[in-house]
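Read through the structure below, which is laid out as structure tokens, and then see the notes.
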């Protein structure tokens, strides 16, 4: 029984390092091929539209509700200590520094990352990726590079949008439900936010975008089997993206806290 | 001339090719026969450089393709058209974009010329006027023909066919055989066809080679193969349920 236990643990450790090695290799190839012409702007725009513009409705909905929820949860405690005014600053800081970037990245990983893995996975299963190679077209350059660039550019923009929508949600609750004056709310919010808070929140999303693109493409390229394999790879892609985004977020938060306090 | 010597390939712990030796003359049609899963498609992928051999050499027109740098390999690849078993058409593109893909990516020619070449290639496979359809709108047989048109569009010197008649009805299969033969006669290309359809093999091949347990065990003209005394080849070409091939599987 213990033998089996160690075999299973061992297999998981090996497959984890295999995944990490494969992902690093793909990251290296993608970054180096990003600087090699031809630069296919049309493909980057197409992917930017899919990742950015098409995600706006979902990001709006989730951003607005996060704003509502966070304002109400903060109000619960702030009212007890008679500091309702600080709801605005607390919500703004939390959304801009943490909630906006992470929630947007998770939404994009679930919506866009999953679709990239499913698309590339079915291309792999139906030999379309091999077909690209037979036409002397590097699959990493053709499929991964545009997605990598598009996601790294679109995630900060989407996050900025989600931050604004989240703050709007909180504004609506505070002004129309809790009776805080609109001008005071806006003043407290703008006083609470510094440039570095915005930079802190947005900078890390470039890396979140890279993580989503690389993990989803890697899983898509490594699909084995048919439809079932595509399903498993899609699940793995979302799970690994979530885990890596949270780990990267923790590292960036610690870095910013200790280096730029 | 294509010269394959001593090619060995291990895929995920499974020794698929165990020393394949095969010579294919320029302008000839070689049919590689063998059971499903015996490594025929893997061998084709080696010829086009998608897979690299663990051991051995694949020499095309004097160049060992495993040793070529990416740019040189890409030059060789643009002389080879591979027709995949399921077509492998890009399903996000129209038939026309699929057929013209090689030219759009690397042709450095005008859009009008590309459109002409696309229509010419579709015409060759008897599918003129369908450039605006999507692959989803096509039947299995049409997909195979479009895949062939896509391979033809780059004007290759070598065409590789992976199971061209599998999964289509007998009439479509025969028309695909006819098409392969007429294209070969017309364009004088070197063709390598991988199949387990013996009717197709006899019809199109100048030379037949049987792949069994990772090696070419027999090679010859269709007549020579039909008259073979080798019990393994005899069992395979006659489609017999009992014989040395099935016996070997049972013992495993």
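The values are calculated or read from the model by the stated rules, or taken from the named source; none is laboratory data. Keep in mind that what you see is a predicted model, and the values were worked out from it rather than measured. So basically every Cβ, Gly included, is an ideal-geometry build from the backbone, and we count neighbours across all protein chains shown.
In region B:75-98, how many residues are part of a helix (DSSP H, G or I), without any contact (Cβ under 8 Å) to a residue 24 or more places away in the chain and facing chain A (nearest Cβ under 10 Å)? Before the answer, list the steps.
From region B:75-98, those part of a helix (DSSP H, G or I) are B:75-77, B:95-98; that's our starting set.
Keeping just the survivors that are without any contact (Cβ under 8 Å) to a residue 24 or more places away in the chain gives B:75, B:97.
Next, only the ones that are facing chain A (nearest Cβ under 10 Å) stay: B:75.
Number of matching residues: 1.
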(request) Having 2 or more residues that are surrounded by fewer than 24 Cβ atoms within 10 Å (Cβ to Cβ) and within 14 Å of chain B (Cβ to nearest Cβ) is the bar; report the helices (runs of 4 or more DSSP H) wholly within region A:69-173 that clear it. (result) A:114-125, A:128-134
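I need a count of the residues in region B:202-229 that are closer than 18 Å to residue B:20 by Cα and free of Cβ contacts under 8 Å to residues at least 24 places away in the same chain.
Narrowing region B:202-229 to residues closer than 18 Å to residue B:20 by Cα: B:207-220.
From what is left, the residues that are free of Cβ contacts under 8 Å to residues at least 24 places away in the same chain are B:217-218, B:220.
Within region B:202-229, residues that are closer than 18 Å to residue B:20 by Cα and free of Cβ contacts under 8 Å to residues at least 24 places away in the same chain number 3.
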(request) Test residue B:101 against the stated conditions and say whether it is crowded, with 19+ Cβ neighbours inside 10 Å, at the interface with chain A (Cβ under 7 Å from one of its Cβ atoms) and either under 20 Å from residue B:46 (Cα atoms) or in contact with a strand residue (DSSP E or B) (Cβ under 6 Å, 6 or more places away or on another chain) (or both). (result) no
(request) Might you let me know whether region A:175-190 holds any residue that is buried (at least 20 other Cβ atoms within 10 Å of the Cβ), touching a residue at least 24 places away in the same chain (Cβ under 8 Å) and over 21 Å from residue A:64 (Cβ atoms)? (result) no
(request) Working carefully through the options B:45, B:71, find the one that is over 29 Å from residue B:182 (Cα atoms), outside any strand (DSSP E or B) and facing another protein chain (nearest Cβ under 10 Å). (result) B:71
(message) Let me spell it out: the conditions are (1) modelled with pLDDT of 90 or more; (2) closer than 25 Å to residue B:40 by Cα; (3) assigned to a helix (DSSP H, G or I), and residue B:114 meets all of them except one. Which number is the exception?
(response) (2)
(request) Could you please find all residues in region B:29-74 being in contact (Cβ under 8 Å) with a residue 40 or more places away in the chain and under 12 Å from residue B:160 (Cα atoms)? (result) B:29, B:30, B:31, B:32, B:40, B:41, B:43, B:44, B:46, B:47, B:48
